[in-house]
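Heads up, the thing below is written out as structure tokens.
The values are calculated or read from the model by the stated rules, or taken from the named source; none is laboratory data. Given the structure is predicted, the values throughout are model-derived calculations rather than measurements. Ideal geometry is used to build each Cβ from the backbone, glycine not excepted, and the neighbour counts take in all protein chains shown. Surface areas here come from the heavy atoms of the whole protein model, side chains and all, with no ligands, DNA or RNA. Shrake-Rupley method; radii C 1.70, N 1.55, O 1.52, S 1.80 Å.
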Amino acid sequence: MSRYGLPYKGSKNSIANWIVSELPKAEIFIDLFCGGGAITHAAMLSGKWKQFVMSDIDGRLPQLFKDCAWGKYTVENHPEWVTREEFNAKKETDAYIALVWSFGNNGKDYL
């Protein structure tokens, strides 16, 4: 099974291929409720669309997806461990820390 998007509570990863297969081919793919980006990721790999628009009530998520896709987070520039204190101080402004270092990727509770 392929893995799409970011680890995210409520991810549509398991149904991403099915959703993408049911949508018509077009110039632009718009994902209004992107969450971790599983559907957009699967859509990008499908070749059915040329441009992609992602949106979510939590504006950090589309930006985090884009940053990951463009290689912002590599072994050289991401923390190997985040303390509870650092997590609590940064979770509201740093989507990477909020999702990667939270329990169940909920963005709220430290591992």
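Laid out as a table, the results:
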item	result
Subset of the stretch 38-67 that is under 23 Å from Asp94 (Cα atoms) and among the polar types (S, T, N, Q) - its residue that is modelled with the lowest pLDDT	Gln63
For Gly35: the one exception among (1) of a type outside the set (Ser, Thr, Tyr); (2) modelled with pLDDT of 90 or more; (3) closer than 16 Å to Lys12 by Cα	(2)
Matching residues in the stretch 71-90 - criterion: being open to solvent by 40 Å² or more (accessible area, probe 1.4 Å) and either at pLDDT 90 or above or assigned to a helix (DSSP H, G or I) (or both)	Thr83, Arg84, Glu85, Glu86, Asn88, Ala89, Lys90
Test result for Lys108, free of Cβ contacts under 8 Å to residues at least 24 places away in the same chain and assigned to a loop (DSSP other than H, G, I, E, B)	yes
